[in-house]
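Below you'll find the structure, written out as structure tokens, and then a few comments.
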Amino acid sequence: MTAITTAAGAARKAVAWATSAEDADKAARDRRQKGDEWASRRGGAGNAADWYERAESWERTRDKAVAMANMWVNVAGVMHLVEEGEAK
């Protein structure tokens, strides 16, 4: 694993995590929609529950990715301040 040594590098990490969060959010919405479709069918409650569990798993993944994106944004901000201080 390569160490992040610049604010720009940390910002790129934040963007990558934000993209992962968006992808996970879409996957969660798709699975929740599939669960809704199964729930509306007669006798589809078991399949609906499976799809809802998958959606919840993707929602947890999304939440973790959002937290990581926020952390990298904060790291980028601090590194930018340090870089600006070094320039003076």
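The values are calculated or read from the model by the stated rules, or taken from the named source; none is laboratory data. Fair warning: this is a prediction, and the values are worked out from it, not measured in the lab. Quick reminder, even Gly has a Cβ in these numbers, built from the backbone with ideal geometry, and neighbours come from all protein chains shown. Only protein heavy atoms, including side chains, enter the accessible area calculation; ligands, DNA and RNA are left aside. Shrake-Rupley method; radii C 1.70, N 1.55, O 1.52, S 1.80 Å.
Taking the stretch 4-57 as the search range and keeping residues that are touching a helix residue (DSSP H, G or I) at 6+ places or on another chain (Cβ under 9 Å) and part of a loop (DSSP other than H, G, I, E, B), which one is farthest from Val75 (Cα to Cα)?
Arg41
For every residue, the table says whether it meets (1) touching a residue at least 12 places away in the same chain (Cβ under 8 Å); (2) among the β-branched types (Val, Ile, Thr).
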| site | (1), (2) |
| --- | --- |
| Ala10 | yes, no |
| Thr19 | no, yes |
| Arg31 | yes, no |
| Lys34 | yes, no |
| Ala45 | no, no |
| Arg54 | yes, no |
| Met68 | yes, no |
| Gly77 | yes, no |
| Glu83 | yes, no |
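Among the residues of the stretch 1-57, which ones are open to solvent by 70 Å² or more (accessible area, probe 1.4 Å), more than 13 Å from the chain's Cα centre (by Cα) and within 30 Å of Glu84 (Cα to Cα)?
Met1, Thr2, Ala3, Thr5, Arg12 - these are the residues of the stretch 1-57 that are open to solvent by 70 Å² or more (accessible area, probe 1.4 Å), more than 13 Å from the chain's Cα centre (by Cα) and within 30 Å of Glu84 (Cα to Cα).
All but one of (1) in contact with a helix residue (DSSP H, G or I) (Cβ under 7 Å, 6 or more places away or on another chain); (2) open to solvent by less than 60 Å² (accessible area, probe 1.4 Å); (3) aliphatic (A, V, I, L, M) hold for Ala67; which doesn't?
It is condition (1) that Ala67 fails.
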